[in-house]
Amino acid sequence: MASAAFRRLSHLFNNLYGLPAPPRYVPPPASKENLEYADLAIIDLSKSRTEAGRQALAAQLVEAMVTHGFFYVVNHGYTQAQTTRVFSIANLTFDDVGEAEKKVYTGRSAAVYEGYKPRQTWKIEDGVQDQIEHYNINRDVNKRDHPKALRPFLPEIQAFARHNHFNVLYPILRLMALGLELSEDALVNQHSFEATSETSVRFMKYFPRSQEEEERSKNVWLKGHTDIGSVTILWSQPIGGLQILSPNGTWKWVRHMDNALVVNAGDVLTFLCGGFYPATRHRVVQPPPDQVGLARLGVFYFSMANDDVKLVPHEESPVLKRVGIERLCSDAEAPTMEEWRKDRTISYGRSQLVPSTTDTGIEEEIVCGVVVKHYN
């Protein structure tokens, strides 16, 4: 059934754009291991079409952010066949582009995620570096050039970026604003699609490591961290590895849900929302035993505020007036979005971290005068 739907969708795109079909990516089955999963809320975006529905979803979202910081999104407007095609395009970005061409399209600046990030760029633990390759595409796909294999699919990637921005990100930002009793567009206006920013689509592939590297890094593929931007939209895929740090201090797995999105808040929402929506602490570890040795393919939409937005809290929020504002720094010293993303991007996985003097198992660095924590 899914294969037939995929073929029909490919045929439709071929007729519309004259595009070839990408080599089909067939994901492995979800893990059957008995894992300790986080019990995440499910936000049904189809209910956001009415004011009453948005009010109910806003209350549900606030509870989700307070308890876990992650939630699922369903009824987001993409069919399973469309999602399968996006993952197929993502996979060809790594499998159908040669190493010589990848070097041509590797990001040149340490201050911005663009093009390819090669493996072994970030420090993990005990001399082990990452085995993660990703390809970052600004939500304006024409901002930079792309590998030859990807060029026929740029119209679809552009449509995918717009769908994430207008049909997923904006509804979520409106719900978050309602949760703070702000006007619905208070956060939307700070995340314009047309403004200068590095909001982007990212294709990401985690490659297996040697047993010796796994032991030295304690099976951690990506150290516990918070995201740089506002809202991270992860298109759920079946290979396990994503874990969140629960309120009781234990790491819990995130379960795969077919054609669902996994959404979390990043640092920017902590700034803008005065700590009411804290950035979610998460990490990626080796897949469970029945998936060990498999490459893990990811599709993301990383949203950031407009570059010129100063990251200060919405003091006008009635909710923040009642519960208080938790600032990461003084308003006078608050960075702009551009300053924050550049400095965080430069330092991530490269800077020398120091052990926290107050929290066991946490390392720290200072970025734009703000303490940034990394969770081991």
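Where a number appears in this text, it was derived from the coordinates with a stated rule and is not lab data. Quick caveat: nothing in here was measured; it's all calculated off a predicted structure. With ideal geometry, Cβ positions are generated from the backbone for all residues, glycine too; neighbour counts draw on all protein chains shown.
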Everything considered on the Cα gyration tensor (a ≥ b ≥ c; rounded for a/c under 1.5, else prolate if a/b is larger than b/c, else oblate), the stretch 100-226 must be described as oblate
Quick check on the stretch 276-376: take the gyration tensor over C-alpha atoms, sort the square-rooted eigenvalues as a ≥ b ≥ c, and tell me if it's rounded (a/c under 1.5), prolate or oblate.
prolate
Note, the stretch 342-358: 3J(HN,Hα) by Karplus (6.51, -1.76, 1.60, θ = phi - 60°), whole Hz, Gly/Pro = x, goes 5, 5, 5, 5, 4, 7, 4, x, 10, 6, 7, 8, 10, x, 5, 7, 10
How far apart, in nm, are the 7 Å Cα→Cβ label points at T79 and V323?
4.0
Translational diffusion coefficient (Stokes-Einstein; Kirkwood radius from C-alpha pairs) of the stretch 85-140 at 37 °C, 0.692 mPa s, in µm²/s:
264
Gyration tensor verdict on the stretch 76-115 (Cα atoms; rounded if a/c is under 1.5, prolate if a/b is larger than b/c, oblate otherwise)
oblate
Please rank T345, T280, T93, T357, fewest neighbouring Cβ atoms within 10 Å first, as an exposure proxy.
T357, T345, T280, T93
With each pseudo-label sitting 7 Å past Cα toward Cβ, what's the F207-R49 distance in nm, one decimal?
4.6
Helix-only [θ] at 222 nm, the chain, -39500 (n - 2.57) per DSSP H run of 4+, per residue, nearest 500, equals -8000 deg cm²/dmol
Please find the FRET efficiency linking E101 to E315, where r is the Cβ-Cβ separation and R0 is fixed at 41 Å, and quote it to the nearest 0.05.
0.25
Taking 0.36 nm per residue of sequence separation and subtracting the Cα-Cα distance, how much length would be gained by fully extending the chain between D290 and D145, in nm to one decimal?
48.3 nm
Where does each of W251, W340 land when they are ranked from fewest to most other beta-carbon atoms within 10 angstrom?
W251, W340
Label-to-label distance, nm, for residues given as T250 and D39 (7 Å Cα→Cβ offset):
1.3
Any chance you could run the full-extension gain for Q129 through E364? It's 0.36 nm times the residue separation minus the Cα-Cα distance, nm to one decimal.
82.8 nm
Short to long, in 10 Å steps from zero, the percent of alpha-carbon pairs of the chain per bin is 5, 23, 35, 27, 9, 1, 0
Given Cα pairs under 8 Å that are at least 6 residues apart, what percent is the relative contact order of the stretch 125-254?
33
The stretch 174-244 -> Rg/Rh from Cα coords, Kirkwood Rh, value 1.11
